[in-house]
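Each reported figure results from applying straightforward, stated rules to the coordinates on display, with no laboratory input. Given the structure is predicted, the values throughout are model-derived calculations rather than measurements. Quick reminder, even Gly has a Cβ in these numbers, built from the backbone with ideal geometry, and neighbours come from all protein chains shown.
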Amino acid sequence: MLIKVDGPADPVPLASAAELEVQWVHRCASGASSLPLVDAVRQIRMPTGYFHTRIACESLKAKALRDYLVTECKAHPKWIRASGY
């Protein structure tokens, strides 16, 4: 799970009954692009074959993430749930 926060002081503890791995993406990281979530996703080794993805973020960023997953990672578009605000 990727969660974008302002900076290193902003992550909060998350409790889950499931196995949960969180990567905190800092919005104001030095040298960060305008799309830090896309940059973070590019560094993740994606599964092969079919996989489900859920995206919730600002509309332009959600579209960029969805486009990357479909074009670069060959994700099936129907298995991606992207919600923008």
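Ranking of Met46, Met1 by neighbouring Cβ atoms within 10 Å, starting from the fewest: Met1, Met46. Residue exposure proxy: Trp79, Trp24, ordered by other Cβ atoms within 10 angstrom of their Cβ from fewest to most, comes out as Trp79, Trp24. In the chain, the calculated helix contribution to ellipticity at 222 nm averages -7000 deg cm²/dmol per residue, counting -39,500 (n - 2.57) for every DSSP H run with n ≥ 4.
Find out how many positive minus negative residues lie around Ser34, taking Lys and Arg as positive, Asp and Glu as negative, among other residues whose Cβ is under 13 Å from that of Ser34. With Lys, Arg at +1 and Asp, Glu at -1, the neighbours total +1. Kirkwood radius for the chain, taken over all pairs of different Cα atoms as the inverse mean of 1/r, rounds to 13.9 Å. For the chain, the relative contact order works out to 26 percent when only alpha carbon pairs closer than 8 Å and six or more residues apart are counted.
Relative to the longest principal axis of the Cα atoms of the chain, helix 59-71 runs at roughly 50 degrees. Applying a DSSP loop filter and a limit of 13 other Cβ atoms within 10 Å to the trypsin sites (Lys or Arg not before Pro) in the range 7-85 leaves Arg27, Arg45, Lys74. Counting other Cβ atoms within 10 Å as a rough exposure proxy, the listed residues Val12, Val70 run Val12, Val70 from fewest neighbours to most.
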